[in-house]
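What follows is one structure encoded as structure tokens, with my remarks underneath.
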Amino acid sequence: MSSRLLVKPDTSANGAHVHEITPQKAGWRYVGFEVFDLAPGQVLARELPDREQCLVLLSGRASVRVALEDFGTIGARDSPFGGRPFAVYVPPRAEVRVTAVTQCELAVGSAPAAGRYGPRLIRPEEVQEEVRGTGTNTRYVYDILPERAAAESLLVVEVRTPGGHWSSYPPHKHDRAAGGESQLEEIYYHRLSPPGGFAFQRVFTDDRSLDETMAVEDRDLVLVPRGHHPVSAPHGFDLYYLNVMAGPERRWRISYAPGYEFLTRR
């Protein structure tokens, strides 16, 4: 049985749009997410009136202009597994124009904004790397648009999880603005290396009113409207995912699933 939380890539032959998730499609209020495959010379031009955007160049090279700012040609990765990314912050009402220099995979997260901050290029050396967990819970985090960075709603992060490891673990959630926890909608965009494998993601609430376990394949997307959302990568297949989060308050505060507290004390 298919899950409403698992979104497969668009494999039709009608162009560059691999994923297009709006708040209306997701059934929530804040997070939008898109993925584009751009051929050399192909142009993506857009302007959103009331939403900020974070463009993450997953692979390839592209020239990027936002309003009057020309950021030149950016991109240094052949795949999302190739180190820290280039990214671009785009405020509402600013036209962004991306011209692919090589074949590109471009992800775009969006969320409501008034326009308090200007456009900016986020270079790889500005992306903080963090190692989280120990043993088979070790994973590698690239904070692209963290809480301390200038943005109105969006939080954006990349995570690389080695094969045989767990991630987003111990199970945690951020679905209520109470008890020190924040309320954030979240999208996971998954990539696998090599791409023929799969990983698992479970999304569940404490009362199990939501409890779904999904086999995710390369380029699948998972919606997390509420609940805990751990991920596991099978032996032999490294997992990458891009997280885009937003909610009524731009802060990341979590609580752990009952029964897993002993792991946090370690």
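The values are calculated or read from the model by the stated rules, or taken from the named source; none is laboratory data. Bear in mind the structure is a predicted one, so any value in this text is a computation, not a measurement. Ideal geometry is used to build each Cβ from the backbone, glycine not excepted, and the neighbour counts take in all protein chains shown. Heads up: the accessible areas ignore ligands, DNA and RNA and are worked out on the full protein's heavy atoms, side chains in. Shrake-Rupley method; radii C 1.70, N 1.55, O 1.52, S 1.80 Å.
A few points about this structure:
- GNM top mover of 110, 79, 232 - the chain, alpha-carbon springs below 10 Å: 79
- Residue ranking by accessible heavy-atom surface, 1.4 Å probe, largest first, among 97, 116, 253 comes out as 116, 97, 253.
- Residue order for 235, 228 - accessible surface, 1.4 angstrom probe, largest first: 235, 228
- Karplus-derived HN-Hα couplings along the stretch 207-218 (A = 6.51, B = -1.76, C = 1.60, θ = phi - 60°), whole Hz, x at Gly and Pro: 8, 6, 5, 10, 7, 10, 10, 10, 8, 9, 10, 4
- 3J(HN,Hα) along the stretch 99-106: 10, 5, 8, 10, 4, 10, 10, 10 Hz, from the Karplus curve 6.51 cos²θ - 1.76 cosθ + 1.60 with θ = phi - 60°, whole Hz, x for Gly and Pro.
- Residue 193 accessible area, 1.4 Å probe, all protein chains in place, Å² to nearest 10: 50 Å²
- Cα centre as origin, Lys/Arg/Asp/Glu Cβ charges: the chain dipole, Debye: 280 debye
- For the chain, a Gaussian network of Cα nodes joined below 10 Å ranks 132, 208, 84 by mean-square fluctuation, and the top entry is 208.
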